[in-house]
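Only the coordinates and a few stated rules stand behind these numbers; no lab work does. Only a predicted model underlies this, so the values are computations on that prediction, with no experimental measurement involved. Methodologically, a virtual Cβ is constructed for each residue, glycine included, from the backbone with ideal geometry; neighbour enumeration extends over all protein chains shown.
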Amino acid sequence: MKLTVLRTCLLIAVAAVLGAAERPNVVVILCDDLGYGDVSANNPRGKIITPHMDRIAREGVRFTDAHTPSSVCTPTRYGLLTGRYNWRSRLQSGVLGGLSPRLIEQGRTTLASLLKAQGYHTAAIGKWHLGMDWAKLPGKNVSELGVEGPTQVRNVDFTAPIANGPNSVGFDLYFGIAASLDMVPYTFIENNRVTVNPTVEKSFPMFPGHAGEARPGPAAPDFEVANVLPTLARKAGDYIADRAKSGQPFFLYLPLNAPHTPIAPNKPWIGKSGLNLYADFVLETDWAVGEVLAALERAGVADNTLLVFTSDNGCSPQARIDELHDKGHDVSGPLRGYKADVFDGGHRVPFFVRWPARIKPAVTDQLVCLTDVFATCAEVVGAKIPDNTAEDSFSFLGNLTGRGTSARDAVVHHTISGAFAIRQGPWKLALCAGSGGWSDPREPEAAKKGLPATQLFRIADGDIAEQKNVAAENPEVVARLTKLLEKFVADGRTTPGAPQANAVPVMLRKPLPETPAAKKKKKA
C-alpha cells in the first residue's frame with residue numbers, strides 16, 4: 001500500500017513538472033506613448049527604423065487593429081492587468097499621480113494573480129502608475145484620483161513601507177517607478193520600499209532645448225531620468241536569466257518609461273535618428289526591447305515564451321509632432337489624432353505577439369483590445385476565469401494558432417476627458433463633438449464651432465483617417481451603437497455571462513461647454 005501511494009505521488013509530481021515545462025513563460029512589454037506609426041513594421045513610409053520591434057512583428061502575429069482601452073496611461077494599465085474597462089473603476093477620467101492610492105480594487109483577480117495561482121513566478125519591472133498606499137504624514141493628504149499638486153509632493157513618509165503596491169495584486173517581485181517620469185517621487189522602488197530616500201528636490205526638462213519642465217519634487221540624490229530605461233532593461237534581463245534557471249514558468253510585466261516625457265535618450269542615441277530627440281528616444285526604446293529578446297535567447301527560453309509587445313496609447317503631442325511630420329515621419333501613420341484623443345491615433349497601437357514554439361508568423365486585422373491579454377493567457381494555461389473577473393476580455397489564442405478567431409466584435413474607446421466611443425465592424429461612433437482629448441478641435445472649440453455632438457465614421461471602409469462624419473446620414477447606426485454601448489455599461493461586462501453589478505455610475509456623454517452666446521442668452 002505504501003509503495004502504491006509513493007508511486008502515485010511520484011507520478012503526480014512528474015506530471016506537474018511536465019506541465020510546468022510545457023507552459024510558456026509570458027512576457028508583456030508595454031511601451032509608454034509609442035505611436036502606431038513609430039514602429040517601422042506598421043509604417044514602412046516612416047523615418048524611424050525599429051529593428052527589434054520589427055523582429056517581433058516579423059516572427060509573430062502582427063495585429064493591425066489593436067486598441068488600448070483608453071488613450072492615456074493609468075486606465076490602460078488597469079485594463080491590461082484586470083481584463084476589464086477602466087471606466088468600470090473609480091477613475092472616470094485623467095490619470096493618477098505618483099503618490100495616488102491604489103486603484104485596483106481589493107480582492108480583484110489580476111493577470112499576475114491568475115498566473116501565480118497556476119504556478120508562475122510573477123514580476124513587474126517598470127512604470128507602475130496604478131497607485132500604491134504611501135504612509136501619509138500626520139494631517140496630510142494626497143489626491144486620490146489625479147496627479148498630486150505642488151503642495152502635496154512631500155505629504156508622505158518616504159522612509160516607511162508602502163502598502164498595497166504591485167506585490168498586493170499578484171506580483172512576487174517589483175522594481176520600478178511609481179508613475180510617469182514627470183511625476184514625483186524621482187526614485188526607484190523595490191517591492192514595498194524606495195531604494196534611496198528622496199531627500200533632494202529635482203526637476204527635468206520635458207524636451208531638452210525647449211520650454212517645459214517635469215513637476216519639481218522629491219528625488220534621490222543620484223536619480224537621473226536618462227538612467228531609468230537602461231536600468232529597467234538590465235533588471236529585466238537579470239530576472240529572465242535568474243528565473244530560467246529555476247525551471248518554473250515566469251510572467252514578466254515590463255511597462256517601460258519610454259518614449260514618454262521627459263524625453264531623455266542617452267548619448268549613443270542622441271542624433272542617431274536624424275529627426276529629433278523623441279525619435280532618438282524611440283531608437284533607444286527599441287534597443288531596450290532588443291535586450292529583452294537577447295536575454296530570452298541567452299537563457300534558452302525564447303521558443304517557449306509568449307511575448308506580447310505593445311504600447312499604452314498613441315504618441316504624445318509633446319514629441320513635437322509637426323517637426324517630425326515636416327521631416328517625413330507621421331507618429332500615427334495613416335491615423336487621425338494622438339495620445340488622449342477619441343480618434344484612432346490615440347488608442348490604436350502596435351501589437352505584436354511572438355511564441356515560436358506554437359505560432360507561425362502572420363498578419364491579422366482581428367479587432368482586439370489590451371484587455372484581451374488576460375483571457376488569452378488564461379486559455380493558454382488552462383485557467384477558468386470566474387464570472388466576476390476580466391469582464392471585458394476575449395481570448396485571441398485562436399488567431400495566434402490559426403485554429404479559430406476571437407469572439408470580440410466590438411470595442412469601447414475612452415479618452416482623457418472621459419469621452420466615449422464604440423467600434424463595431426466598419427463603424428465607429430464617438431459621443432463627443434471634438435477629439436475628447438488634446439488634438440484639434442478640443443471640446444470648447446468644437447462647441448464654439450457648433451459641431452454636432454455625435455460623430456460616426458466608416459473606419460474599415462476607407463475612412464481610416466476619420467475625416468467624414470456620416471452620423472446625420474445614418475441615424476439607425478447611431479441608435480444601434482448607442483444602444484449597444486448602453487448595454488455594455490448596464491451589464492457590467494461585454495463578455496458572455498451574468499450581468500455584473502456596476503457600483504460606479506458612468507456618464508456616457510459629457511456635456512459640451514457652453515458657448516459665450518449661449519451663456520449670454522441664459523443670463524438674458
* To do: Using only alpha carbon pairs under 8 Å that are at least six residues apart, calculate the relative contact order of the range 444-500 and give it in whole percent.
  => 18
* Can you give the extra length, in nm with one decimal, that the chain gains between E105 and K267 once fully stretched, where that is 0.36 nm per residue apart less the Cα-Cα distance? -> 54.2 nm
* Structure fact -> Taking a crude spin-label model, label points 7 Å out from Cα along the C-beta direction, the D365 to K136 distance in nm is 5.1
* Sorted from largest down, what three extents in whole angstroms do the Cα atoms of the range 180-273 have along their principal axes? -> 50, 36, 18
* Asked: Sorted from fewest to most neighbouring beta carbons within 10 Å, what does the list I459, I270, I177 look like?
  -> I270, I459, I177
* Could you quote the convex hull projected area for the range 23-93, Cα atoms only and averaged over all directions, in nm²? => 6.1
* Asked: So which trypsin sites (Lys or Arg not before Pro) in the range 16-87 end up in coil per DSSP with only 14 or fewer other C-beta atoms within 10 Å?
  -> R45
* Asked: In whole percent, what relative contact order does the chain give with Cα contacts below 8 Å and a gap of six or more residues?
  -> 21
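If one computes P(r) from the Cα atoms of the range 351-441, what percent of pairs lie at distances over 20 Å?
For the range 351-441, the share of Cα pairs beyond 20 Å comes to 47 percent.
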* Estimated inter-spin distance, A471 and E144, nm [label 7 Å along Cα→Cβ] -> 3.3
* **Which of I385, L99, A362, positive extreme of dipole for the chain (C-beta unit charges)** => I385
* Lys, Arg +1 and Asp, Glu -1 on Cβ, resulting dipole of the chain about Cα centre, debye, nearest 20 -> 920
* Using the count of nearby Cβ atoms within 10 Å as a rough guide to exposure, how do T285, T376, T482 rank from fewest to most? -> T482, T376, T285
* **In nm, spacing of pseudo-spin labels at N191 and L484 (7 Å Cα→C-beta vector)** => 4.8
* Evaluate E = 1/(1 + (r/R0)^6) for T401 and E297, where r is the Cβ-Cβ distance and R0 equals 22 Å; express this FRET efficiency to the nearest 0.05. => 0.45
* Cα-only Debye scattering, the range 92-209: base-10 log of I(q)/I(0) at q = 0.13, 0.15, 0.18 Å⁻¹ -> -0.51, -0.67, -0.93
* Provide the descending list of Cα extents for the range 412-518 along its principal axes, expressed in whole angstroms. => 46, 34, 23
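Pop the C-beta distance of I49 and E224 into the FRET formula with R0 = 30 Å and round what comes out to the nearest 0.05. Don't skip to the end; give the middle numbers.
Numbers: r = 27 Å, r/R0 = 0.90.
The value I calculate is 0.65.
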* **Axial C-alpha extent at least 20 Å, average Kyte-Doolittle at least -1.0 - helices from the chain (DSSP)** => 2-22, 228-246, 277-298, 475-491
* Asked: Just for the chain, what percent of DSSP beta bridges are antiparallel, to the closest 5?
  -> 55
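Summing Lys, Arg as +1 and Asp, Glu as -1, what charge do residues with Cβ under 13 Å from the Cβ of H329 carry, H329 excluded?
Neighbourhood net charge equals -2.
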* If contacts are Cα pairs under 8 angstrom and at least 6 residues apart, what is the relative contact order of the range 298-414 in percent? -> 23
* To do: Pairs to check: K116/K267; K327/K468; K202/K272; K116/K202. Give those whose C-alpha atoms are more than 30 Å from each other in this structure.
  => K116/K267; K116/K202
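Compute, for the range 194-288, the length of the dipole vector about the Cα centre, with Cβ point charges of +1 (Lys, Arg) and -1 (Asp, Glu) only. Units Debye, rounded to 20.
200
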* To do: May I ask you to sort V353, V412, V381 by Cβ crowding, counting other Cβ atoms within 10 Å and putting the fewest first?
  => V381, V412, V353
* **Debye-sum result for the chain in log10 I(q)/I(0), which assumes one identical scatterer on each alpha carbon, at q = 0.06, 0.10, 0.11 Å⁻¹** => -0.27, -0.78, -0.94
* Suppose R0 equals 56 Å; then what is the FRET efficiency for H210 and D491 from their Cβ-Cβ distance, rounded to the nearest 0.05? -> 0.75
